[in-house]
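> Structure provided below as structure tokens; questions to follow.
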Amino acid sequence: MSEQTIDDINQSRLKELLNDFFEATSLTKPDKANKLMNQIDIMADSKLGIECIYSYVPSLTEAGIFDGSPWADPSKLVPNLANGTLKSGHPNSTIELLSELRLMAIVNGDLDNGQIEPDEASNYLQEIIVANLEFVFNEPQEETRLMMSDHELVKVHSLFKFIIDKVDLEQVKEKLSEELTLICAQRPVVTEKQRNIIALVKEKLDLDAYKPEDRKLLRFQKCIYSPTEGSADKPLDEYGHYLKTLTKAELYAEAQEMSSRMLEFGLVSQYQGILLLHLVRNEFHQIVPICLGLNPVGEAKWNENIAFVSDLIKDTVHPYNCQCIYGLAKMLENGVLGREAVRSSLSNLATSRIHLKVEERIDKSTRKKSKDVSSRQYLMGSLFRILGQPLGVGQGNNPTCQSARGISMWSKHSPAKLINMVQTVAVHDDISFRFEGQEIKASETIEGLVHNLDYNLDAVSVTLVPLLDKVYNEMMRRAAGRGDDPHKWVNPALYGQWILIGFASAYDYLSNAIVDFDGFTRIFYGMCHPEYNGQHQLIYPNPIGIFITSSKGEFLGFHAVSLLRVAKDDNKEYRAYFLNPNNEGRQDWGQGIKPSVFGNGEIAGESSLPLHQFAARVYAFHYNNLSQVSKQMEIPDSEIQKVKKLAKESWGQAYTWLETKKQW
Amino acid sequence: MAKCFALLGWSLPVIESMQKMDKPYVVVSFPDFEQYAAENNIPFVSYQFDEWSDTSNSLDLHEKLKPYNVDVAVPLFEETVEWAGALNSIYRDDPRVLNRAFLFRNKAMMKRKALIGGLRVGLFEEVYNKEGVKEFMKRLNAANLQVEGEEDSWVHIKPFASAGTVGHRLLRSMSDIDEKCEEGDFPCLAESHLPGQEFSCEAFVHGGKIRFLNITEYVKLGYSNFIPEGNYLHTKREKIMKEMQKLVDLFGIQYGMIHPEWFLTENDELNFGEVACRIPGGHILELCGKAYDFDALAAFVLCHDPDLTEEELNKILPPIDARPKTFYGNVMIYPHKNRIEKLEIPEELKEEPFFLDHNLVPPLTTQKINDRDGFGNHFGTVNFKGDDPDRMTELLLHYENVDFYV
């Protein structure tokens, strides 16, 4: 038995259970089916497992595994239901997975069940792929992350990896291009997902430049694989030689073309790394800003700091670490480099020695690690991206929205503090915070919320988040049991002094109920709505606790976002613009509440919702308790009731509601 | 050959075996099962086994079974043992068949019978209230020469007529008696704690002779067991066989299967625990059938038939000296937490070569677990299969404490 691999054993288990199931009469079939499905569930979390299950799909179908279930007739399946079923866990997700594999078997001619033609099956599968891109690229949405266990995520992702390998993607093109557009519009710090989709398209699809729907996908491809005419069809080293042959004017044109490619979608090609290094090393100082696509402010910052930035580029940029160029450009434009503290802390980090444990984490987060790029270079590069794109920070598939939100906030409002934190952790793999006069050291606390970090993060996040998470958890522990939401004390301690003192929570700890929601909503509007707060704008991001609800509006859990600003959109409607640290700002929270990321006045990285819809998911926020404006009572009751109705009919159903008035 | 078997109780695997063997049968069970039986073409007579009156008794049931030509009754549940005894008394025209059935249904009577016949049993007594249990424990302490400050002797109490571990309580001290015993427990049997390695036997009896003997090694009572017995217990097989035949003779068992529990002491002596004559719990016959490669459920039913021929017997039962090389074991899984949200199969199990299958069901939503009554309801079973009984024991002990429900 020891000579057998576990896959062989799995296969023989499957075979044996299938045989038991096959031989059972209708009396004990449900019982045998249960065991059989349990085995399939166990095997489905690996590639070999899925392949093995696939090879048994005809026998499973013949043995009647689908009989008497809603999956019995493949021609009656509804593609849009698959996503919900896959999220609902075993055994439903397992039979759904089998159903998808059955369709593939029909497409491939491995199974003919007479109920559905291969063409139909293929169309159906493509629709499923489109509706489940989050699984294809393993970028689950917040709802999905809360609902599914790690095993279920791996299982469903394995299924889609298998399917995507074997299915024609012709009809998914338009959807993929829309997907790419919307992801890129958010300018995330981690660009793995876009790159994966673009690579998939390149590998699987023949694109025709004469077809309009193909042209857009080709534009994405060009960004990465051949950004300029000069780089087309050239291997990287050849491109390096080619640059040496160019005149200054030709280099200028090359730089112009290169940067316009980068600015289109925020994606940087390896060629750009080579070009930028060539320009810096050969001191073409006037062409560098062109290559970075800088606006006049950025160009001015470059001119002020030529020596410093040149050194940064030479130390950090590498063709295999090129995405940081976009971050660097944005850093120059947003002026962080103008601060002495930022420049000093960057210099400190550039010469720091990185702790072995931190190096390990950075290595793990680097999918295609190059031996020519050091962990410090990855870390610096990632820091450029975060400093340049504070709204592009994401939490990955981790329950660490708090930490991600913090990194984003510091990046914008306290960049030197952030860099200093990164440096401290990078060197010591430890960090300490002050909490109510006492020190909290990450290394001396118990575990945080994360048990297995998902490393699909940027290098700064993998450096900081495991420790921030522990510190946050410890603060929450110390602030627990005070009869109010611990965030009231934890937020200012964790994020810093710009968090407002006033704190309102819809949930009342003492009565275990939602108390005076009307009053709560009035304070919220009074805090952020320009018409009721004296036409003021928000100064700092406001850390807000929201209820996450499913696409059916059901209560799922809690999440942390930052409210950035409230403003009128083009339709003169007030919208809340916020940072959702979940990788994907586009979500469906039920009741027609779908945050948008593009087209409603959002700055790249922002999510937005009409203000009343956003308010209907808020459960806690900070406000200035000294300037509570009397205009609060001018907020029309109809607006408050609109918010309350949405709240009560969704997450509110999980709570008791008390109408007694509360002293806020 | 029996004209028709009456299966008293409800077991889909048994019905399936009967269908596969194409043997005539009728199921007698509670009215709740009637609709399912009709939908699945299962011959069925509905009967309220827990009623005993002028219109609900064995003579009445006998009448109801006449149209089916029943001549053999087989008990599937503990609660149907005396019903089957009564019917078989009529079919075999032997009133003692019923009396023997009562032996299985009163644990005090069962022990007395065993004691009379020279089997080793512990000290036992019928008790009627907590005071009775305390008196029993005191006498036991005295007999064990307890010195001031020493622990009390352990006492088990069991209902007279319940299956397996239902209502079984282990009392380790006087205060345990106050805390664990309830009014509803009495009257019942109190007995001294029997030390030793526990195992059960499943003896398929025909014509008063044991025709096949399975030994089930208990790893932990109520949690886990495996078949065939491990290597050490196997060296005692001959001795066990002798005691088993003694038990069969003593109880006058002619046809069917008995399932006694024994304790093997360090001095190599066998203590008799108790005995049942229905389908044992813990999926024992399922494991037994797999280990010895036969239809144990069918054999269980057929052995009740006095007219079964020698040839048929040999066909349905494994050879009496069979010793399988592959061991089959299982562990029943109970949640360890008060609130559970989901089922998680541990990675180590997926990679365990001995792992065979499981039938654990995910909780529907967050579920509160009630306090266990006796051993309570388990959430499913994890099965193992392998060639090393020691490794098997290790695995069963280990997985008993693994959290599948979190």
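Bear in mind that the values in this text are calculations on the coordinates, not laboratory data. Nothing here was measured: the structure is a model prediction, and the numbers come from that model. Glycine gets a Cβ as well: all are built from the backbone with ideal geometry, and neighbour counts include every protein chain shown.
> So what are the ³J(HN,Hα) numbers for segment B:307-314, from phi and the Karplus equation (6.51, -1.76, 1.60; θ = phi - 60°), rounded to whole Hz, Gly and Pro as x?
8, 4, 7, 4, 4, 4, 4, 5
> Can I ask one more? So what are the radius of gyration and Dmax for the Cα set of segment B:184-307, in Å?
14.5, 43
> What does the net charge come to around A:W498 if you take all other residues with beta carbon closer than 12 Å to its beta carbon, with K and R at +1 and D and E at -1?
+2
> With a Cα-only, solvent-free Debye model of segment A:339-497, what are the log10 I(q)/I(0) values at q = 0.09, 0.11, 0.17 Å⁻¹?
Evaluating at q = 0.09, 0.11, 0.17 Å⁻¹ gives log10 I(q)/I(0) of -0.27, -0.41, -0.99.
> Then there's this: Using C-alpha positions alone, give me the convex hull volume of segment A:460-562 per residue in cubic angstrom.
Dividing the Cα hull volume of segment A:460-562 by its residues yields 149 Å³.
> With a 10 Å Cβ neighbour count serving as the proxy for reagent exposure, in which order, fewest first, do B:C181, A:C291 appear?
In increasing order of surrounding Cβ atoms, one gets B:C181, A:C291.
> Let me ask something else. So for segment A:16-175, Kirkwood radius off the Cα pairs, Stokes-Einstein at 37 °C and 0.692 mPa s: how many µm² s⁻¹?
207 µm²/s
> From zero outward in steps of 5 Å, how is the percent of C-alpha pairs of segment A:127-223 spread across the bins?
2, 12, 23, 24, 19, 12, 4, 2, 1
> Moving on. Over segment A:292-378, how many percent of alpha carbon pairs lie in each 5 Å bin up to the one with the longest distance?
In whole percents, the pair-distance histogram is 3, 13, 22, 23, 18, 12, 7, 2, 0.
> Which pairs break 23 Å Cα to Cα here: A:K193/A:K368; B:K246/B:K385; B:K113/B:K158?
Checking Cα-Cα distances, B:K246/B:K385 exceed 23 Å.
> Got a sec? How would A:R219, A:R434, A:R522 order by Cβ neighbour count within 10 Å, fewest to most?
The order, fewest Cβ neighbours first, is A:R434, A:R219, A:R522.
> Pairs B:K23/B:K236; A:K204/A:K314; A:K572/A:K644; A:K35/B:K23: which exceed 32 Å Cα-Cα?
B:K23/B:K236; A:K204/A:K314
> Something else: Tell me what the protein assembly as shown gives for mean residue ellipticity at 222 nm when only DSSP H runs of n ≥ 4 count, each as -39,500 (n - 2.57), the sum divided by the residue total, rounded to 500 deg cm²/dmol.
Dividing the helical sum by the residues of the protein assembly as shown leaves -14000 deg cm²/dmol.
> Any of A:K417/A:K441; A:K488/B:K337; A:K166/A:K234; A:K470/B:K350 with alpha carbons more than 21 Å apart? Name them for me.
A:K488/B:K337; A:K166/A:K234; A:K470/B:K350
> Compute the normalised compactness of the protein assembly as shown: alpha-carbon radius of gyration over 2.2 N^0.38 Å, N being the residue count.
In units of the 2.2 N^0.38 Å rule of thumb, it is 1.18.
> Let me ask you something else. Taking K and R as +1 and D and E as -1, what net charge do the other residues with C-beta under 13 Å from the C-beta of A:E174 add up to?
My count for the surroundings of A:E174 gives -1.
> Neighbouring Cβ atoms within 10 Å as the yardstick, rank A:H318, A:H428 fewest first.
Listed from fewest to most nearby Cβ atoms, that is A:H428, A:H318.
> I'd like the distance separating the alpha-carbon centroids of segment A:213-245 and segment A:29-72, in whole Å.
That distance is 46 Å.
> Net charge around B:V205, counting only other residues with Cβ within less than 11 Å of its Cβ (Lys, Arg = +1; Asp, Glu = -1)?
0
> Would you work out the Kirkwood radius for chain B? I mean one over the mean of 1/r across all pairs of different Cα atoms, in Å.
One over the average 1/r among Cα pairs gives 22.7 Å for chain B.
> Let me ask another. Stokes-Einstein D for segment A:529-664 at 20 °C, 1.002 mPa s, Kirkwood Rh over Cα pairs, in µm²/s?
It comes out at roughly 137 µm²/s.
> Can you give the FRET efficiency for A:E264 and A:S88, using 1/(1 + (r/R0)^6), R0 = 60 Å, r = Cβ-Cβ distance, to the nearest 0.05?
0.95
> Still on this structure: If you average 1/r across every pair of different Cα atoms in segment A:211-366 and take the reciprocal, what Kirkwood value do you get, in Å?
About 16.5 Å for segment A:211-366.
> Oh, and also: Distance in nm between label sites at B:E148 and A:V78, each 7 Å beyond Cα in the beta-carbon direction?
Taking the two extended label points, one gets 8.0 nm.
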